[in-house]
Structures are given as structure tokens and as C-alpha cells.
Amino acid sequence: MNKSKPDDRRDNVDKIQRNIDNTIANYRETEDMIRNSMSNKQKNDLQEKNERREQSIKNMRREIRDEALDRNGNIK
């Protein structure tokens with residue numbers, strides 16, 4: 001039988017931070033694309049994508065805070 005791996009959360013904060021950094025980079029790249037001449041539909045689609053990214057960043061920051069608190073034994 002295969003045993004499941006134990007939940008190793010030691011590097012979760014680092015992984016989440018990398019995801020935040022990548023999402024911010026994608027957000028900025030999309031903002032540059034929006035500034036270039038594009039159709040209104042393309043601009044709207046990209047703006048909606050960035051709105052979703054903003055929400056994702058907020059959620060990941062909340063998650064990173066929770067992980068950091070958990071790492072320090074300060075469960076909320």
C-alpha cells in the first residue's frame with residue numbers, strides 16, 4: 001500500500017510568495033498590453049483578467065499571513 005506523504009508546510013510561505021510575485025508580474029505585463037492600442041473588447045478582457053488577479057493576490061496575501069501565524073504557533 002502507498003502511504004500518503006505527511007503534510008510538509010515548511011516552505012508554504014515561500015511558495016505562496018513566489019505565486020504572488022508571478023501574479024504581480026503578469027498583472028504589470030497585462031497593464032502594458034492594455035496601454036498599447038488594442039480593441040475595446042481586448043482591453044475589457046484584459047482588465048477583467050487583472051481584476052481576477054487582484055483578488056487572487058489579496059487571497060494569497062491572506063493565506064501567507066495565516067501560514068506565517070501558524071508557523072509561529074499563533075493560530076488565530
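Arg52: within 26 Å of Asn12 (Cβ to Cβ) and surrounded by 13 or more Cβ atoms within 10 Å (Cβ to Cβ), yes or no? Even if it seems obvious, please write down each step before you answer.
Working: within 26 Å of Asn12 (Cβ to Cβ): yes; surrounded by 13 or more Cβ atoms within 10 Å (Cβ to Cβ): no.
No: the conditions fail for Arg52.
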Discussion item. Checking Glu63 against (1) acidic (Asp, Glu); (2) surrounded by 13 or more Cβ atoms within 10 Å (Cβ to Cβ); (3) at pLDDT below 85, only one condition comes out false. Which one?
Written reply: (3)
Discussion item. Against the definition (within 16 Å of the chain's Cα centre (by Cα) and not aromatic (Phe, Trp, Tyr)), how does Glu48 come out, yes or no?
Written reply: yes
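Quick one: how many residues across the range 34-49 are surrounded by 12 or more Cβ atoms within 10 Å (Cβ to Cβ) and either in contact (Cβ under 8 Å) with a residue 60 or more places away in the chain or outside any loop (DSSP other than H, G, I, E, B) (or both)? Give the steps one after another, and end with the answer.
To start, the set of residues in the range 34-49 that are surrounded by 12 or more Cβ atoms within 10 Å (Cβ to Cβ) comprises 34, 38, 42-47, 49.
Imposing the further condition that a residue be either in contact (Cβ under 8 Å) with a residue 60 or more places away in the chain or outside any loop (DSSP other than H, G, I, E, B) (or both) reduces the set to 34, 42-47, 49.
Residues that pass the stated criteria total 8.
The values are calculated or read from the model by the stated rules, or taken from the named source; none is laboratory data. The model shown is predicted, which means the values in this text are computed figures rather than measured ones. Quick reminder, even Gly has a Cβ in these numbers, built from the backbone with ideal geometry, and neighbours come from all protein chains shown.
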